[in-house]
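Q: First the structure, then my questions, so here it is.
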Amino acid sequence: MTRQLIVQLQKEAIPVKHSCRVLEVSRSGFYEAQRRSAKPVVCKASVHLKAAFMASHQSYGSRRLVTALANEGFQIGRYKVRSLMRKAALKPVWKRKFVHTTDCGGQVNSDTTMGFFTAISRS
């Protein structure tokens, strides 16, 4: 309510400094509330960026997205793409290659010690 009142007073050519002092509100608090209430601006590039990212099955990073957007006719820098990706929480993922952890040649040996140890009988 206070922020709206200050905006109305500002339209009547009363400076923010004076209206904040009268209403006992800090100027930084007024500007912070004004920034928070501002609607986020959606640019065309961010929409096309999300579309290109989803078309790549969420695997393209900023460098490949720059070239994908350039092919669509959008000239946008890599660091701008990075900041838009960060803002939209777009993180590339990729399917990891399956790695074989053992090489047994198709045969399974039931002797896990491979004959290195022998049993000692205690009598």
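Q: Looking at (1) over 18 Å from the mean Cα position of the chain (by Cα); (2) at pLDDT 80 or above; (3) open to solvent by 100 Å² or more (accessible area, probe 1.4 Å), which is the one condition that is false for Lys39?
A: Only one criterion in (1) over 18 Å from the mean Cα position of the chain (by Cα); (2) at pLDDT 80 or above; (3) open to solvent by 100 Å² or more (accessible area, probe 1.4 Å) is unmet by Lys39, namely (2).
Q: Any chance the range 60-80 includes a residue that's more than 27 Å from Lys95 (Cα to Cα), modelled with pLDDT under 95, surrounded by 11 or more Cβ atoms within 10 Å (Cβ to Cβ) and of a type in the set (A, V, I, L, M, F, W, C)?
A: So far as the range 60-80 goes, yes, one or more of its residues are more than 27 Å from Lys95 (Cα to Cα), modelled with pLDDT under 95, surrounded by 11 or more Cβ atoms within 10 Å (Cβ to Cβ) and of a type in the set (A, V, I, L, M, F, W, C).
Q: Restricting to the range 44-57, what's the tally of residues that are over 13 Å from Phe74 (Cβ atoms) and open to solvent by 70 Å² or more (accessible area, probe 1.4 Å)?
A: Going through the range 44-57 one residue at a time, the tally reaches 3.
Q: Before we move on, is Val22 aliphatic (A, V, I, L, M), open to solvent by 100 Å² or more (accessible area, probe 1.4 Å), at pLDDT below 85 and within 30 Å of Gln4 (Cα to Cα)? Step through it out loud before you land on a result.
A: Details: aliphatic (A, V, I, L, M): yes; open to solvent by 100 Å² or more (accessible area, probe 1.4 Å): yes; at pLDDT below 85: yes; within 30 Å of Gln4 (Cα to Cα): yes.
Criteria met by Val22.
The values are calculated or read from the model by the stated rules, or taken from the named source; none is laboratory data. The structure displayed is predicted, hence computed values, not measured ones. Because the Cβ atoms are built from the backbone with ideal geometry, glycine has one as well, and the counts that use them run over all protein chains shown. For accessibility, only protein heavy atoms count, side chains too; no ligands or nucleic acids. Shrake-Rupley method; radii C 1.70, N 1.55, O 1.52, S 1.80 Å.
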